[in-house]
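Inspection log for the structure reproduced underneath, given as structure tokens.
A short reminder: the numbers here are calculations on the coordinates, not readings from a lab. Because the structure is predicted, anything quoted here is derived from the model rather than measured. Glycine gets a Cβ as well: all are built from the backbone with ideal geometry, and neighbour counts include every protein chain shown.
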Amino acid sequence: MSFLSVENLSLRIRGDGARLLRSVTLAVRPGEVMGLVGESGAGKSMIGKAILGILPRAVELSGGRIVLEGQDLGTLPAAERRRVIGAKAALIPQDPLTALNPSRRIGPQITDRLVDILGWDRARAEARAADLLAEVQIPQPARVMRSYPHELSGGMRQRVLIASAFAAEPKLIVADEPTTALDVTVQKQILRLIRQMQERHGTALLFVTHDLGVVSKVCQNLTVLYAGAVVERATVGAFFAGPAHPYSRALLAATPKYTDPTGSLTPVPEAVVAAVRAEVVAMDEAEDG
Amino acid sequence: MNLDRRTLLKLSAATATLGMAGLPARAQAIDELVIAYNVTLPSWDPTVGPSAVNPTIQGLYQSVFDQFILQQPDLSPAPGLLTEWGWNEDKTQVRMTVREGVTWHDGSPFTAEDVAWSLARVANPETGSPIQFVWGTLANHRVEGNTVIADVVQFDPTIFKWMYFLTGYVLPKAYYERVGAEGFEAAPIGTGPYMVDKFERNAFVRLKANPNYWGGKPDFDTVTIKFVTDAAARVAEVESGNSHVTLEMPYEEFDRLKAKMGGVAAPISDIGMIFLNDIEVMTDPNVRMAAALSIDKQTIIDRLLSGYGVKIDTLQTPEYDAYDPSITVPYDPDRAVELLKASGYGPDNPVKFKIQTTRGFKPKDYEMVQAIVGLWRKVGIEAEIEVYEIAKHYELRAADQLAPAAFYNWGNSVGDPTTSTGFAMFGPSPHSVWDGEDLINMIGPLWGEKDEAKRIEGWKAVDRYIAENALVIPLLQYVQPILHAPGVVVTPHASGALLPHLMKRA
Amino acid sequence: MAVEGIDGRGRVRRRAGMRLWLSGLWLALVALVALLAPWIAPKDPLMQDLFLGRMPPFWTPGAEPGFWLGTDSLGRDVLSRIIHGARVAMTVALVAGTITALIGATLGLMAGFLRGWVDLVISRMIDIWMAFPPVLFSILLIAVLGPGLTSIIIAIVVIDWTRFARVVRAEAMAQGAMDYVASARVAGRGRIGTMLVEIGPNVLPTIAVLLTLEMGIAVIVEAILSFVNLSISTDDPTWGGMIAEGRASVHQAWWVLVFPLVTLFLTVLAFSQLGEGLKDRFDPVLR
Amino acid sequence: MLRAVVLRLVTTAITLIGVAVIVFVVIRVVPGNPIALMLPPGATEEDVARLTALYGLDKSLPAQFLIWVQGVVQGDFGTSITARQPVLDLVLGRLPATLELSVMALVIACLLGGVAALTGTRRRDTKVEGAIDVANGMALSVPDFLWGLILILAFGVLIPVFHISGRVTPSLDLPFATNFYLFESLLRLRFDLWADIVSHMFLPALALAIPLAAIIGQLLKQSLKETMHLDYVTLSRTKGYGENHVILREALPNAVLPTLTLVGVQFTFLIGGTVIIERLFSYEGLGNMAIDAVINRDLPLIQGIVILFAVIFTAVNLIVDLTYAALNPRLRHGG
């Protein structure tokens, strides 16, 4: 039974009705690592936002539902939905430089959820935070908890955010392109760290990225998106052996391989783009018709 | 058209608060009288500095200090700290008998020594007394028992009148010499009806009744005088019941509230006039006369001042000694047009000059000048208004650089012709603007005239001459509006001074 | 069905339209009235008739025909005085506003870009000027210059130029640090040239916004000065002067105070909303 | 850090000296010399000369300035012409009243502005925010003296809830050592007096506060709305916190900082504004005394008051900069 089940999720711009997501369906089993892949603007991070309830004000849910551990989030009143999400899910944000509150110390930014939402007492929360900081290989966790974000490097801050996400023992973590804002050398360490933490804590992980290379190293299976519609769902192994959908194949061809850095890259051909666009138009007319 | 609140409220929500129902003032008995006063008190020494010559605060001084001679509400003198006073036969000496049994607020006895010392002090130039030129005419002040004698250096017929006018106050010699000027400022004492209990600069002064005042203990034991310089705020004070008495508010407000509370409006010794400077077009008598004849004084008083004002044609008011009702300047616009035509002016070629005025210093001062300029425009006089502050007026007048016409008010609470027509029209005085030789010769001999009847007749002749040649344009005698709660009866004083000890419980 | 807009970003419409339109309309009306004042005013604003004092507006009983908004204590037509008052208000707003902007912006630009001792001197001047309480300083200034339209404009300029100088200096400093300025310098443009050509245009939107706000403030300062009895000396009507005069007899003739008050209020509100609207329009950063 | 402090003191000194020189020259150029004011009817030419010499106004401008500076160095700011008392005592006597009124106005402005900004952010992009924007615009487009007038009529007379003149009911005996009535009445736990004083100060303070509240309201809302888009706010929502908590705990502390410096500047304008409001409410502060001083051409007093305003202005700027540094963690912890 899947921990998270997104069923026919559709999102539109409030007011003029432009479609952002077109009845997306995907499911994540406890402990599974699912990759969400697509070009920028394909709506992949919009799915993450929908799940965590942080959609921008200008976007409205126009269809489908999100079920978390059997609970349809849409039916819950706003306040209760927030607490459920807060308790069961967590976010690893993209840019560590702006994801920590500059005027609050690091410690409280980890323990606040534990105390306020999960109801832990302060001592247990602080101990937990220190353990997690150690687990993400941050030296002198006690001192770091007392310091301010501007005193830490980008990489260190991402580690803090990862520790903060795992501290609450969530059953699902949404990682929204967690390494894109970091320089290359740090990216590898952070990816390996996320993978280790995921295995150790057995948390389901929804990994949003545009980099197929990352997917191949971190995810178990993946979903390819184009213009807010699911184009293909596959296990990583099957996908890298031979993607079913022409757009997926073109996407794979356009991705640099670590193994063959000098290989020439062929941009996604026009014909393929036209084809997948036609598919999307067909879906819309079906829905509108 | 009375105010219809509903139309106002319907008009616009943002300004609905301006619709005024007005609240009935609390009518119950008043134990602590509160007066909303229109000017602040800069200094407690009534004999030196600018405040000594400021007529608007003399009421405060007269509550705490006594003058040599008491001035009654109708401006006439009466025995005060001096019971008798006068010259010897050849007017080379003055003799003054001092009242006995009077004490200062600190309990120390009041003696003739205080009177002699006070007179000598204001006669001494070093103390910075602005009226030194009058007190300087007496010298060698000495005491004999309870009489004070002084030699007359230069005869001044009005010397005794100054003893109930500006700087004519008796100060405590022993106390002043002990505490010095600054000590006196901090804790002033006098022999007056009220003692200073607490003074908060720019805010209020709290007065306690002087139990053994020689003129009888005043009705109200405690009087608080709040300094509220803004007229609308003063009206709000009495209307909301925070204060019981106030003065100097727009006449429309006086009319509106006097029905609800109590109000008294009496003429005071302060007149509104237009100085004429003998420069530019004003040297032409036709222009001056036309300007005088074309001002409809009564309509201005009725329409602008709601009728509160007394039309005058000379610088004297009915209460003054040298008032002559027979001298009149009628409102005759047609004659004014003829006179202007005689000098070559007319509607197409109007005579042009500038008229200066203060704005907000006296009630409706600026509006009155606007109304006069409007009346002049009808007969062919184009006057351009220039507003200046009272400080600039004094400076221009002292330097004789006033515009051809300048609106000003002239207070004279002793009612003597020298301190009205005299100082205003006598060429050499730094205060006059008109320098005509003829007038100087007429006024000259009157300064030292010893025969009182002859002196008064002399001044009347001067006033008649001035009116016939329109050397100045007197306009009106001001009426002072006083609003008071039903619980208090206010006796107005013709000098314009608001005196708490004249106020009785209703 | 538009396909190209399918990704849906950047479609959030801007909401400011309504306010901008209304304020622009009102200001245009006031400007027009100011221009055509002598021709469209029903009566001569200075013509007095003491017997027609304090006539109520036309819709109330006892109104005098022809005097739409009633008369003041001297019997002058309130509507005509408001119309002519618009001329004074607009002159004060435009002239004082523009001069303040010119002086303030130039000094600010010089201080912000040239830096060095120029900045030091100008910053000290700004500090000194701002140390004076504005109202007290203007009272003193008017006392020196004597009342009149020109002295009010000078008072406003002398007091408010620091507002422009401060903002433009900060903006010029920020822009100065940008790369495009450095590249212009590399391209051999002189310091002054760079300042005028490169920084000027980018600072312009801020100046435009401040200018509209400044015009509103200029009208208010004129009202404050006439409250302190220092405004225009001659007869010609100003809104501030009418408010000060109307205040004394507000219970008998509320319209003498209320109508100029409402006109002043709407004009200044229009200036501030226009300024806000321009700020939204120019400021791309605002999401 | 020391170097910055020294530099700051030097610039402050320059500003004060600049102000002193300018006001000294301006008020002596002002027409209407005080001596003419003192001349009653009948005074003669040599009276004018005598009084002018008495007040030292006959010397040349630079000479007068030197005398004044020598006096200032020994703490003697000269004697007021009208009040015939040392200017320093007069001015310092009235300073507490103006400071208390300004602080009270600032508190009211922060409360009003804060509530407007927070509500505007909480209800952003709705009619509520539109209404708040218009209200801010209206508050800004009515000069503070008109607010004073409306408040007097509304709450002084129509519904007499507050006192409308003076600073305290004169009949009360005030056991105060200093002139800081408001603060001292709190320290002495005399809440009866405190209530009376507040009732006197509330309307003038509100009239002063309204324009400032509008400015704070707009600036803070602007800064809040920008902060709401930052990642750490979004992250906080994922933790399960409600909108109110997110605004108050996460966005507000960071949004306040940039607004602080601008409020500092506006506060100095507020102090300048007390000149008119104190006159309207007959509140015995520095402003009220300033107008009398100008009308009576009391040159030493005007000089003293303007210098004191300048000192207040530089002090407020210093305080604002210090609080900015204290509040901003980046500056406080270096790095």
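Here is how the numbers come out for the structure above:
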| quantity | calculated |
| --- | --- |
| Prolate/oblate/rounded call for segment C:2-282, Cα gyration tensor, a/c under 1.5 rounded | oblate |
| Residue mean of other protein chain beta carbons inside 10 Å, A:81-87 | 4 |
| Estimated FRET transfer efficiency (residue A:288, residue D:122; beta-carbon r; R0 45 Å; 0.05) | 0.80 |
| Cα centroid separation, segment B:250-272 to segment C:133-157 (Å) | 35 |
| From phi via Karplus (6.51, -1.76, 1.60), per-residue ³J(HN,Hα) for segment A:171-178 in Hz, x at Gly/Pro | 8, 9, 10, 9, 9, 9, 6, x |
| For D:67-75, mean number of other protein chain Cβ atoms within 10 Å | 0 |
| Chain D - percent relative contact order, Cα under 8 Å, separation 6 or more | 26 |
| DSSP bridge pairs, chain A: antiparallel proportion in percent, nearest 5 | 55 |
| Protection proxy ranking of B:171-180, B:381-390, D:94-103 - average other beta-carbon atoms within 10 Å, highest first | D:94-103, B:381-390, B:171-180 |
| For segment B:48-103 and segment B:119-197, distance of Cα centres in Å | 10 |
| Rounded, prolate or oblate (a/c below 1.5 giving rounded, otherwise prolate when a/b exceeds b/c) for chain A by Cα gyration tensor | oblate |
| Span-rule helices in chain D, defined as complete DSSP H runs reaching 20 Å or more along the axis (Cα) with Kyte mean at least 0.0 | D:2-29, D:87-122, D:127-141, D:191-228, D:252-280, D:299-327 |
| Overall form of chain B per C-alpha gyration tensor (a/c, 1.5; a/b vs b/c) | oblate |
| Peptides ranked, highest mean first, by Cβ atoms within 10 Å: ranges D:306-315, B:215-224 | D:306-315, B:215-224 |
| Chain A, relative contact order in percent, only Cα pairs under 8 angstrom and at least six apart counted | 23 |
| Additional length obtainable on full extension of the chain from residue D:89 to residue D:198, 0.36 nm per residue less Cα span | 36.7 nm |
| Ranked by how many other beta carbons lie within 10 Å on average, peptides B:226-239, B:279-292, B:66-79 from highest | B:226-239, B:279-292, B:66-79 |
| Viscosity 1.567 mPa s, temperature 4 °C, Stokes-Einstein D of the protein assembly as shown from Kirkwood C-alpha radius, µm²/s | 35 |
| Among beta bridges that DSSP assigns inside the protein assembly as shown, antiparallel share in %, nearest 5 | 70 |
| Max mean-square fluctuation residue, GNM over chain D, Cα-Cα springs under 10 Å, options D:173, D:292, D:89 | D:173 |
| Across B:161/B:208; B:352/C:43; B:354/C:43; B:354/B:392; B:362/B:392, pairs whose alpha-carbon gap is larger than 18 Å | B:161/B:208; B:352/C:43; B:354/C:43 |
| Chain B - mean residue ellipticity at 222 nm from DSSP helices (-39,500 (n - 2.57) per run, n ≥ 4, rounded to 500) | -8000 deg cm²/dmol |
| Inter-chain shielding of B:223-233 (mean C-beta neighbours from other protein chains, 10 Å cut-off) | 6 |
| Calculated FRET efficiency for the pair residue B:127/residue C:51, C-beta based, R₀ 60 Å, to 0.05 | 0.65 |
| Rounded to 5, the percent of DSSP beta bridges in chain B classed as antiparallel | 75 |
| Value of [θ]222 nm, deg cm²/dmol, for chain D, DSSP H segments ≥ 4, -39500 (n - 2.57) each, nearest 500 | -24000 deg cm²/dmol |
| FRET efficiency estimate (nearest 0.05) - Cβ-Cβ, residue A:71 to residue A:192, R0 35 angstrom | 0.60 |
| 18 Å Cα-Cα threshold exceeded, pairs from B:297/B:460; C:279/D:127; A:88/D:239; B:226/B:364 | B:297/B:460; C:279/D:127; B:226/B:364 |
| In order through segment B:383-396: 3J(HN,Hα) via Karplus (6.51 cos²θ - 1.76 cosθ + 1.60), integer Hz, x for Gly, Pro | 10, 9, 8, 10, 8, 9, 7, 4, 4, 5, 4, 4, 5, 4 |
| Rough spin-label spacing in nm, given labels placed 7 Å along Cα→Cβ, for residue B:435 and residue C:60 | 5.3 |
| Rough spin-label spacing in nm, given labels placed 7 Å along Cα→Cβ, for residue D:69 and residue A:271 | 9.1 |
